[in-house]
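J.: Sending over a structure as structure tokens; questions will come in a sec.
The values are calculated or read from the model by the stated rules, or taken from the named source; none is laboratory data. From a predicted model like this one, the values you see are computed outputs, not experimental measurements. FYI the Cβ positions are ideal-geometry reconstructions off the backbone, even for glycines, and counts take in every protein chain you see. Surface accessibility is based on the protein's heavy atoms, side chains included, excluding ligands, DNA and RNA. Shrake-Rupley method; radii C 1.70, N 1.55, O 1.52, S 1.80 Å.
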Amino acid sequence: MPQYRIIVDLSDRKLYLLDGNIVVREFPVGIGKMLTQTPTGEYTIINKEPNPGGPYGAFWMGLSKPHYGIHGTNDPSSIGRLVSHGCIRMFNEDVLQLASLVPIHTRVTIRP
């Protein structure tokens, strides 16, 4: 049984999926802009919703910090940039792959 956890590294704009201490996947992400920065700290995934609509793309995974999540996008050109209101934005195919692997309660560490 894999022991998945997620690390989001804001400085290199990447999301890493780890099994224990081994990185098994790496995805580019879009993160919060200067005035609405992505919050750093330790969180967990508390809900998952396919096709949330609007700017959230193909999938939404809510974090234990209210109003923040990891989600797809309807604007793929925003990935890798400082664009969001603090959420972690992924390509739709990437967020679907990630969502299929990680269960609710997966630990998410966001570091500067």
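J.: Looking at the range 1-26, I want the residues that are closer than 15 Å to THR106 by Cβ and have a partner that is loosely packed, with under 12 Cβ neighbours inside 10 Å and among the small types (Gly, Ala, Ser) with Cβ atoms under 7 Å, at least 6 apart or on another chain. Which pairs are those?
T.: Between residues of the range 1-26 that are closer than 15 Å to THR106 by Cβ and residues that are loosely packed, with under 12 Cβ neighbours inside 10 Å and among the small types (Gly, Ala, Ser), the close pairs are GLN3/GLY20.
J.: Follow-up. Looking only at the range 99-112, which residues are open to solvent by 20 Å² or more (accessible area, probe 1.4 Å) and touching a residue at least 24 places away in the same chain (Cβ under 8 Å)?
T.: Those that are open to solvent by 20 Å² or more (accessible area, probe 1.4 Å) and touching a residue at least 24 places away in the same chain (Cβ under 8 Å): LEU101, PRO103, ILE104, HIS105, ARG107, THR109, ARG111, PRO112.
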